[in-house]
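Enquirer: Structure in structure tokens, see below.
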Amino acid sequence: MTYRIGLTVEEARKVEELLGRAPTLTEAVIWGIQGSEHCSYKSSRRFLKAFPTSGRHVILGPKEDSGIVAITDGPPGKRWGLVISHESHNHPSQIVPFEGAATGVGGTVRDVACMGARVIGCMDMLRLGDLRSPETREIAMEVARGIAGYGNPLGIPNLGGDTVFDSSFNNNCLVNAIAVGIVREDEIIHSFVPDDAGSIGYDIILVGKPTDRSGFGGAAFASVSMEQDKREQNAGAVQEPNPFLERHLLASTYALFDWLAAEGHLDKISFKDLGAGGVVCASVEQVASKKLGAIVDLDKVHVSVADLPPEVIACAETQERFCWMCHPSLTTHILHHYNDLWALPSVAEHAGASVIGKVTADDRFKLLYRGVVVCDASSEAITSGLQYVRPTKRVEIIHPEPMISMDQEKITVTADNRVFHTSIKEVIEAMLSHPNHASKDPFILHFDKTVIGNGIIEAGEADASVIAPLQDLKSYVQGGTHPGWELSVDDQKTGVALAADGNPRYGRISAYWQGANAAIESMYNVAACGAEPRALTDCLNYGNPEKPEHLAELEDGVQGIADACNGIRIANEPVPVISGNVSLYNSLPEGSAIPPSAIVCCIGVLKDATKAVSMQLQQTDSTLFLLGDIKNECGGSAYYEILEQLMRLPKDALLGNDLPKPVFSSILAHITFLQAAVDKGYLLSSHDISDGGLLLALLEMTLPQRKLGGNIGIQIDLHALQSPLRCDTLLFSQSPNCILEVSPQKKAELMELATKCKVPLTAIGQTSSQSQVNILCDTQTILSTSLTDIHSRWKTGLQDALLHKA
């Protein structure tokens, strides 16, 4: 049998030192999981201290399974909070894509629910292979099927995300998942027991699916490099999903939340989901921070098959399970609630709620199996006994800027000892057909985006999704009423904007600026809809921390995010990071790794969700303004990538080096201006400039949404910018700026606001009744094309790649 003990020789010796004796087999497995990077952050914890994590809107920072940020501004205790969890399921999704992606969704959903929250949405940030091989196409489609196959049965809408296809992820895809929920501040349930839990002897109750072998060693597996020859062996470390059981488990748990709140028992419990590390993780982490212990009888854990060995019962990561710790006076009610009122045993074979142990006043964590103690260790030693200060080493590689010239609409590129000629039209046609920039509809076709009905702006219609989560609180109650859930009309209008970003091509140039730009773009995106950035979450995807070069990339990426948070101060406070995840060992044994890929999500808040603006052009004869200045920042751009593709050059031959390096104070001014402009009703539409630059952003504003619109043309004159840059640079640079559509009646007011906010604002064109896109540069027309052609290429690009038509 494979025990999946994820310990090095040195770590095994450290465990022996902590115990004062040789570990039992069960203890060795426990430390291999609890001491993994996935659970203990043993290599990354010291870097994460750079993040700002507090602020006036922070209800709970990154201490538990999810972070919580206030979305209303009522008195302390009565504020409503958005609960958010950000996790990775990278290795499982590469090995078993459907199950890996599905259980990634399930795990983040439970992370949010265990805070006492109602789950109201999920998101997915995907970095997948280049779709040029049968394997990468199959993984991509199975990941999409897994996300839909789990999220849809739960009745939880998919609120958006971010998908990139790139050969860097052919052998190590990234599946980052987010779940969000709502909870009132005084009804939060924590994942640590009350101080008196040990002296009273709180009961430990396991709820949900019977424990099986699925997922055994999953956390340890997520903390090693990918080995292609062990794919089948590692498949056993991926959990098996049952979304219908989880839906029932969520509904029954929400009903229990209502009862606990009504009866005033929320101070007598703690609650945690079972993910990485299974029973051990869920139980020991609830007592360790209070320096308490627990006794767990593994024979009382409900299992799917008889005679499972103790290390499997203790550590298997079987899905759809929760762990309560409660005052003994509540135990009978909780068991009756799940087993009888909600009939868990009849929903899935051997499912149910079982008392499996007690909290103790000492700091010893003990596991019993058939009357024998198979684990006896300090709780704190299990959770944080293994920590590292590994060395870092920075390696700077300068990627030369491509040699490009332009004459009217013609572009000339000199590379690889040859001269290549193309045009603006040829480049943008290739860009619109590229899977990264084409419509994602064929990929997300089966994602349910509207099931709860609180959506204001759907994914893809704007730079962020916008929901109104408090407009119908009654719908979150399983039966009867919930005491004290009355809201003012203003609070019911509260909007939440969500956007996630992270450009891996930037990571190949600079890990620091990749992280900084990920944070900046996510904040910019919610502001473009009119929301105030209130908090961030992140998933930090990097290589092997045992390699100093890879660990230095993590350190730099973290610092980039931290500097962006501290530099963009909303109301003179940094934008805090309230939750996140570190995913390391995204690498292969031969030494290669994914590009540094920090993925950052921003939570923004609008006082009135109905004021949010989308990116779709609204009317003809509007003025189009550019907010900001375009700089010579094409390094890592979609433009250079398309030129590589057209020239059939090796990967990164035209990567460039001059990636965006935004000034934080300027971005703050843009954000302040955008919020005010939307609130005052000055903007008809708004769209940030990022991947693909100004030209792609303009074309995206012409697209139909929900099959409406899509026939308003645009006329742009780049001469208005009075820039010394080449026209192709102006069109494709990815400097973070924004395009604004304004009616003739609001132009003067908008320009006055820009002067007050000290932001550059330039009128660059107008909308037109002709279904054409016309771009002028120095009196020459460098692009003239029909919307029909643009939209046709955009609609079919990804579909053709998935069907291998290219």
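Computed from the coordinates by the stated procedures, all read-outs in this text should not be read as laboratory data. Quick caveat, the model's predicted, so the values are computed rather than measured. Positions of Cβ are generated from backbone atoms using ideal geometry, with glycine treated the same way; all protein chains shown enter the neighbour counts.
Enquirer: May I ask which residue of Ser384, Ala306, Ala343 lies farthest towards the positive end of the charge dipole of region 280-407, with charges of +1 (Lys, Arg) and -1 (Asp, Glu) on Cβ and the Cα centre as origin?
Expert: About the Cα centre, the residue reaching furthest to the positive side is Ser384.
Enquirer: Continuing with the same structure: Considering only DSSP beta bridges with both partners in the chain, what is the antiparallel share in %, to the nearest 5?
Expert: So the antiparallel bridges amount to about 85 percent of the total.
Enquirer: Using a Förster radius of 41 Å, what is the FRET efficiency between Glu17 and Asp307 based on their Cβ-Cβ separation? Nearest 0.05, please.
Expert: E(calc), rounded to 0.05, equals 0.80.
Enquirer: Starting from the Kirkwood radius over alpha-carbon pairs of region 74-189, derive D by Stokes-Einstein at 20 °C in a medium of 1.002 mPa s and give it in µm² s⁻¹.
Expert: 147
Enquirer: Right, next: What are the extents of the Cα atoms of region 1-141 along their three principal axes, in Å, largest first?
Expert: On the principal axes, region 1-141 reaches 54, 50, 28 Å in Cα extent.
Enquirer: Based only on other Cβ atoms within 10 Å, what is the fewest-to-most ordering of Arg418, Arg364?
Expert: The order, fewest Cβ neighbours first, is Arg418, Arg364.
Enquirer: While we're looking at this one, here's another question. Could you work out how far apart the two model spin labels at Gln799 and Arg569 are, taking each label as a point 7 Å from the Cα in the direction of the beta carbon, and quote it in nm?
Expert: 5.1
Enquirer: Now for a different question. Can you work out the base-10 log of I(q)/I(0) for region 553-620 at q = 0.14, 0.25, 0.27, 0.28 1/Å, using the Debye formula on its C-alpha atoms alone?
Expert: Evaluating at q = 0.14, 0.25, 0.27, 0.28 Å⁻¹ gives log10 I(q)/I(0) of -0.69, -1.18, -1.26, -1.30.
Enquirer: Compute the FRET efficiency between His421 and Thr610 as 1/(1 + (r/R0)^6), taking r as their Cβ-Cβ distance and R0 = 51 Å, and round to the nearest 0.05.
Expert: E between His421 and Thr610, to the nearest 0.05, is 0.55.
Enquirer: Enter the Cα centre distance for the pair region 398-416 and region 525-586, rounded to the nearest angstrom.
Expert: 33
Enquirer: Go through region 405-420 residue by residue and turn each phi into a ³J(HN,Hα) via Karplus (6.51, -1.76, 1.60, θ = phi - 60°); whole Hz please, and just put x for glycine and proline.
Expert: Values per residue, Gly and Pro as x: 10, 9, 10, 6, 8, 8, 10, 10, 10, 10, 7, 6, 6, 8, 10, 10 Hz.
Enquirer: Have a look at the chain and give its Rg and Dmax from the Cα atoms, expressed in angstrom.
Expert: 26.6, 87
Enquirer: Once you wrap a convex hull around the alpha carbon atoms of region 333-466, what is its projected area averaged over all directions, in nm²?
Expert: Over every viewing direction, the Cα hull of region 333-466 projects on average to 20.7 nm².
Enquirer: May I ask for the percentage of alpha-carbon pairs in region 90-151 that lie more than 13 Å from each other?
Expert: 60
Enquirer: Something else: Run down the lysines and flag those whose C-alpha is under 24 Å from the C-alpha of Lys746, throwing out any fewer than 8 positions away in its chain.
Expert: Lys607, Lys611, Lys680, Lys756, Lys758
Enquirer: Something else about it: Between Asn657 and Val389, how many nm apart are label points set 7 Å from Cα along the C-beta direction?
Expert: 3.4
Enquirer: In nm, what is the difference between 0.36 nm times the number of residues separating Ser54 and Met403 and their Cα-Cα distance?
Expert: Contour length minus the Cα-Cα distance gives 121.0 nm.
Enquirer: Here is a further query. Compute the distance from the alpha-carbon center of region 356-375 to that of region 740-806, in whole Å.
Expert: Between the Cα centres of region 356-375 and region 740-806 lies a distance of 65 Å.
Enquirer: Considering all projection directions equally, how large on average is the shadow of the alpha-carbon convex hull of region 501-540, in square nanometres?
Expert: Averaging across all directions leaves 2.8 nm² for the Cα convex hull.
Enquirer: For region 714-753, what is the convex hull volume of the alpha-carbon atoms per residue, in Å³?
Expert: 108
Enquirer: In addition: Explain nothing, just the number: dipole magnitude of the chain about its Cα centre with +1 on each Lys and Arg Cβ and -1 on each Asp and Glu Cβ, in debye rounded to the nearest 20.
Expert: That gives a dipole near 400 debye.
Enquirer: Next up: Which length gain, in nm to one decimal place, applies between Arg370 and Glu263 when the Cα-Cα distance is subtracted from 0.36 nm times their residue separation?
Expert: Answer, rounded to one decimal: 34.7 nm.
Enquirer: Need the C-alpha centroid separation for region 444-493 versus region 674-730, integer Å.
Expert: Comparing the Cα centres of region 444-493 and region 674-730, I get a distance of 29 Å.
Enquirer: Let me ask you something else. Treating cross-link reach as a plain straight distance, find the aspartates and glutamates whose alpha-carbon is under 13 Å from the alpha-carbon of Lys42, omitting any fewer than eight places away in the same chain.
Expert: Glu11, Glu546
Enquirer: Provide the per-residue ³J(HN,Hα) series for region 75-91, in order, calculated from phi with Karplus coefficients 6.51, -1.76, 1.60 and θ = phi - 60°, each as a whole number of Hz, with x at glycine and proline positions.
Expert: Ordered by residue, 3J(HN,Hα) equals x, x, x, 10, 5, 8, x, 8, 9, 9, 10, 10, 10, 10, 9, 6, 4 Hz.
Enquirer: In angstroms, what radius of gyration and Dmax does region 737-806 have, counting Cα atoms only?
Expert: Just the Cα atoms of region 737-806 yield Rg and Dmax of 17.7, 52 Å.
Enquirer: Can you list residues from other chains, or at least 5 along the same chain, whose modelled amide H is less than 5 Å from the amide H of Val605?
Expert: Under 5 Å from the amide H of Val605 lie the amide H atoms of Ala497, Glu532, Arg534, each far enough along the sequence or on another chain.
Enquirer: Any idea what the dipole of region 634-709 comes to, in debye rounded to 20, about its Cα centre with Lys/Arg Cβ at +1 and Asp/Glu Cβ at -1?
Expert: I would put it at about 220 debye.
Enquirer: List the lysines whose alpha-carbon lies under 25 Å from that of Lys425, not counting same-chain residues fewer than 8 positions away?
Expert: Answer for Lys425, where 25 Å is the Cα cut-off: Lys410, Lys440, Lys631, Lys651, Lys795, Lys805, listed by chain and number.
Enquirer: What value, in deg cm²/dmol to 500, does the helix sum -39500 (n - 2.57) over DSSP H runs of n ≥ 4 give at 222 nm once divided by the residues of the chain?
Expert: About -9500 deg cm²/dmol.
Enquirer: Now for a separate question. At Ser346 and Ser769, where each label point lies 7 Å from the Cα along Cα→Cβ, what is the point-to-point distance in nanometres?
Expert: Modelled inter-label distance: 6.6 nm.
Enquirer: Let me ask something else. What are the extents of the Cα atoms of region 670-806 along their three principal axes, in Å, largest first?
Expert: Between the extreme Cα coordinates on each principal axis of region 670-806 lie 52, 36, 28 Å.
Enquirer: Then there's this: Going by how many other Cβ atoms sit within 10 Å of their own, how do Trp324, Trp513, Trp794 line up, fewest first?
Expert: Neighbour counts put them in this order, fewest first: Trp794, Trp513, Trp324.
Enquirer: Can you list the HN-Hα couplings for region 624-635, worked out from phi with the Karplus curve (6.51, -1.76, 1.60; θ = phi - 60°), rounded to whole Hz and with x for Gly and Pro?
Expert: For region 624-635, the Karplus curve yields 9, 10, 9, 8, x, 10, 8, 10, 7, 9, 9, x Hz.
Enquirer: OK, next. Dipole of region 646-709 (Lys/Arg Cβ +1, Asp/Glu Cβ -1, origin at the Cα centre): which of Gly681, Pro704, Gly656 lies farthest to the positive side?
Expert: Result: Pro704.
Enquirer: List nothing, just return the count: lysine pairs in region 226-376, 8 or more apart or interchain, with Cα separation under 20 Å.
Expert: Summing the qualifying lysine pairs gives 15.
Enquirer: Counting only residues 5 or more places away or on other chains, whose amide H sits under 5 Å from the amide H of Ser378 once H atoms are built in the peptide plane?
Expert: Phe365
Enquirer: Using Cβ counts within 10 Å as a stand-in for footprinting exposure, how do Tyr639, Tyr476, Tyr585 rank, fewest first?
Expert: Lowest count first: Tyr476, Tyr585, Tyr639.
Enquirer: Follow-up. Using the Kirkwood radius over Cα pairs, work out the Stokes-Einstein diffusion coefficient for region 406-461 at 37 °C and 0.692 mPa s, in µm²/s as a whole number.
Expert: 221
Enquirer: Expressed as a whole percent, how much of the Cα-Cα distance distribution for region 449-595 exceeds 28 Å?
Expert: Of all Cα-Cα distances in region 449-595, 36 percent exceed 28 Å.
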